[in-house]
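J.: Please find one structure pasted underneath; my questions will follow.
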Amino acid sequence: MISKILIANRGEIALRVLRACKELGIATVAVHSTADADAMHVRLADESVCIGPPPSRDSYLNIHQIVAACEITGADAVHPGYGFLSENAKFADILEAHGITFIGPTAEHIRLMGDKITAKQTAVELGIPVVPGSVGEVTAENVLETAREIGFPVLIKATAGGGGRGMKVAKTEADLDEAFDTARTEALAAFGNGAVYMEKYLGKPRHIEVQVVGDGEGNAIHLGERDCSLQRRHQKVWEEANSPALNVEQRMNIGQICADAMKKMKYRGAGTVEFLYENGEFYFIEMNTRLQVEHPITEAITNIDLVHEQIRVASGGGLSVTQEEITFSGHAIECRINAEDARTFVPSPGTITHFHAPGGLGVRVDSGVYAGYKIPPYYDSLIGKLIVHGRTRVECMMRLRRVLDEFVVDGVKTTLPLFQDLVSNQDIANGDYDIHWLENYLAGDKPH
């Protein structure tokens with residue numbers, strides 16, 4: 001059994017993992033940069049180690065320093081959270097070489113799903129439906145032929161990336177050369193790899209993702225889906241579980257397809273299989289081999305602690321539940337509260353002068369900030385996640401409206417006003433939106 005876990009992350013996810021460890025009676029080690037010396041997870045951990053200056057490359061991405069911190073403290077496992085080193089196969093390999101348990105998938109599976117082309121080919125082999133697209137990398141020699149075979153419009157995407165970087169749409173042949181060149185240039189700059197591939201561009205899809213957990217021995221389950229369609233620049237803003245667009249039959253069907261695929265892979269730990277969904281069809285886009293930011297809404301509707309499951313599986317204890325034992329209850333919504341201007345989305349680092357988190361039945365706030373906390377300018381601007389659960393989607397929306405009015409964050413600008421607008425919008429109330437809806441709304445083309 002794992003006895004001490006080093007949490008190789010910061011912010012709300014580090015605190016989230018720390019809480020799970022304490023509930024399981026496992027000692028914790030917090031690592032931090034000099035900018036995060038006063039962070040809440042550092043204050044609450046059993047031990048803490050400073051691993052470098054503020055820049056991520058010198059601290060949270062510094063594998064040597066993190067391994068050294070494990071050896072100094074005697075930590076026998078590492079939980080990577082999300083982001084940073086959570087999907088770094090080299091990190092997983094190095095930990096294994098040092099006899100330290102990586103609480104996540106095998107390095108092999110991280111590599112397999114980390115390359116978008118290989119991931120898509122693997123999905124096809126596993127019986128997961130995919131977006132029509134190129135077989136492998138697209139080059140200058142075959143880009144036009146490939147686009148004609150797929151049919152315009154097409155989407156050109158970086159094989160090694162995500163977050164919208166290295167991603168361009170060509171609506172016609174006239175757009176193709178510029179989109180292809182720009183995507184390759186952006187991919188090379190962002191990921192050090194200019195390889196791209198091509199997919200059919202879907203007009204008004206939703207972004208649906210299925211939560212899976214496997215024990216690494218051929219057993220796997222799904223915990224339903226999340227709808228992450230409300231996005232800005234390919235970054236998720238508002239997530240729901242379950243999706244307002246799916247019925248029970250669709251939900252269980254796509255969930256079982258994903259669970260069966262994980263069984264075939266002998267996948268270990270938590271993961272998310274992501275799809276575009278349009279006109280009743282699912283199209284695989286990628287798999288994230290880690291815990292997702294939005295995992296709490298799945299926990300809310302299943303009453304299953306995903307971090308507990310990750311630790312249990314990493315310890316060799318297997319899954320705590322079977323598929324038949326999982327029940328889905330009610331509806332949950334997560335809002336990502338960022339330290340940003342609600343109109344321009346310009347980051348707003350600074351000192352939080354007042355902080356009051358809402359409460360009441362069905363309300364959860366995952367946040368590592370407090371009054372007097374200084375938000376550093378070096379990392380992402382997430383202040384916290386507001387998670388609301390209700391017996392129905394209508395009840396959940398009404399509860400969300402109430403708690404948004406209770407949430408107080410003073411001293412910095414936040415995106416709270418955006419969510420107050422969204423919760424009152426009729427399209428959102430009806431669950432009638434796609435991946436383009438929010439950007440159109442913010443641009444002034446506000447559907448009614």
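J.: Considering only Cα-Cα distances, which of the following residue pairs are longer than 18 Å: Lys374/Lys413; Lys116/Lys157; Lys90/Lys264; Lys22/Lys266; Lys22/Lys90; Lys116/Lys171? Display every interim value, and only then the final one.
T.: Values: Lys374/Lys413 13 Å; Lys116/Lys157 9 Å; Lys90/Lys264 24 Å; Lys22/Lys266 29 Å; Lys22/Lys90 28 Å; Lys116/Lys171 22 Å.
Pairs exceeding 18 Å: Lys90/Lys264; Lys22/Lys266; Lys22/Lys90; Lys116/Lys171.
J.: Can you tell me how region 248-364 classifies by the Cα gyration tensor, rounded, prolate or oblate, using a/c under 1.5 as the rounded cut?
T.: Values: a/c = 1.87, a/b = 1.55, b/c = 1.21.
Verdict is prolate for region 248-364.
J.: Here's another thing I want to ask about it. Pop out the carbon and sulfur fraction of the accessible area of region 60-138 as a percent, whole number, probe 1.4 Å. Intermediate values should be presented prior to the final figure.
T.: Working: 1700 of 3220 Å².
Of all accessible area on region 60-138, carbon and sulfur atoms account for 53 percent.
J.: Would you mind counting up the charge near Pro347? Only other residues with Cβ under 11 Å from its Cβ, with Lys and Arg at +1 and Asp and Glu at -1. Walk me through the numbers on the way to the answer.
T.: Working: positive: Lys413; negative: Glu340, Asp341, Asp380.
Taking every other residue near Pro347 into account, the sum is -2.
J.: Apply the a/c threshold of 1.5 to the C-alpha gyration tensor of the chain and tell me whether it is rounded, prolate or oblate.
T.: Details: a/c = 1.34, a/b = 1.16, b/c = 1.15.
In terms of gyration-tensor shape, rounded.
J.: Follow-up question, since we're still on this one. If R₀ is 30 angstrom, what is the calculated FRET efficiency for the pair Asn253 and Arg148, using the beta carbon separation as r and rounding to 0.05?
T.: Values: r = 33 Å, r/R0 = 1.10.
Approximately 0.35, to the nearest 0.05.
J.: So, one more: Starting from the Cα of Asp177, step 7 Å along the direction of its Cβ; do the same at Thr353; then give the gap between the two resulting points in nm.
T.: 5.7
J.: Continuing with the same structure: Enumerate the calculated ³J(HN,Hα) couplings along region 61-67 in order (Karplus 6.51 cos²θ - 1.76 cosθ + 1.60, θ = phi - 60°), each rounded to whole Hz, writing x wherever the residue is Gly or Pro.
T.: Ordered by residue, 3J(HN,Hα) equals 9, 8, 4, 4, 5, 5, 4 Hz.
J.: For region 184-288, what does the alpha-carbon gyration tensor say about shape, rounded, prolate or oblate, given a ≥ b ≥ c as the root eigenvalues, a/c under 1.5 as rounded, and a/b over b/c as prolate?
T.: Oblate shape, in that a/c is at least 1.5 and b/c is the bigger or equal ratio.
J.: Of all the accessible heavy-atom surface of region 233-385, with the other protein chains kept in place and a 1.4 Å probe, what percent is carbon and sulfur? Walk me through the intermediate numbers first.
T.: Values: 2880 of 6100 Å².
Here it works out to 47 percent.
J.: Can you work out the Karplus-derived ³J(HN,Hα) for every residue in region 132-144? Use 6.51 cos²θ - 1.76 cosθ + 1.60 with θ = phi - 60°, whole Hz, and x for glycine or proline.
T.: Per-residue couplings from phi come out as x, x, 6, 8, x, 5, 9, 10, 4, 6, 10, 4, 5 Hz.
J.: Expressed in nm to one decimal, what extension gain is obtained for the pair Ala140 and Glu281 from 0.36 nm per residue of sequence separation less their Cα-Cα distance? Let's see the in-between values first.
T.: On the way: separation 141, 0.36 × 141 = 50.76 nm, distance 3.09 nm.
Here the segment from Ala140 to Glu281 would lengthen by 47.7 nm.
J.: Apply the Karplus curve 6.51 cos²θ - 1.76 cosθ + 1.60, θ = phi - 60°, to the phi angles in region 402-414 and return the couplings in whole Hz, x for Gly and Pro.
T.: 5, 6, 4, 6, 8, 6, 10, 9, 10, x, 9, 6, 9
J.: Same structure again: In nm, give the distance between the simple-model label positions of Asp260 and His64, each being 7 Å from the Cα along the Cα-to-Cβ direction.
T.: Simple spin-label model gives 4.9 nm for this pair.
J.: Let me ask you something else. Multiply the residue gap between Asn440 and Tyr370 by 0.36 nm, knock off their C-alpha separation, and tell me the result in nm, one decimal place. Intermediate values should be presented prior to the final figure.
T.: On the way: separation 70, 0.36 × 70 = 25.20 nm, distance 3.39 nm.
Gain on stretching Asn440 to Tyr370: 21.8 nm.
J.: Taking the solvent-accessible surface of protein heavy atoms with a 1.4 Å probe, what is the per residue accessible area of the chain in Å²?
T.: Working: 18300 Å² over 448 residues.
In whole numbers, the chain has 41 Å² accessible per residue.
J.: Determine, for each peptide in 285-296, 402-413, 28-39, the mean count of other beta carbons within 10 angstrom over its residues, then list the peptides with the highest first.
T.: Going from most to least packed, we get 285-296, 28-39, 402-413.
J.: Can you work out the FRET efficiency for the pair Glu71 and Ala37, with r the C-beta to C-beta distance and R0 = 25 Å, to the nearest 0.05?
T.: Details: r = 22 Å, r/R0 = 0.86.
Calculated transfer efficiency: 0.70.
J.: Arg232 to Asn303: extension gain in nm, 0.36 nm per residue of separation minus the Cα-Cα distance? Could the numbers behind the result be given before it?
T.: Numbers: separation 71, 0.36 × 71 = 25.56 nm, distance 2.94 nm.
Using 0.36 nm per residue and subtracting the Cα-Cα distance, I get 22.6 nm.
J.: Could you check the simple spin-label distance between Phe191 and Asp410, using points 7 Å along Cα→Cβ, in nm with one decimal?
T.: About 4.5 nm, to one decimal.
The values are calculated or read from the model by the stated rules, or taken from the named source; none is laboratory data. These numbers were taken from a predicted model, which means no experiment stands behind them. Positions of Cβ are backbone-derived with ideal geometry, glycine not excepted, and every protein chain shown enters the neighbour counts. Just the protein is used for accessible areas: all its heavy atoms, side chains included, with ligands, DNA and RNA removed. Shrake-Rupley method; radii C 1.70, N 1.55, O 1.52, S 1.80 Å.
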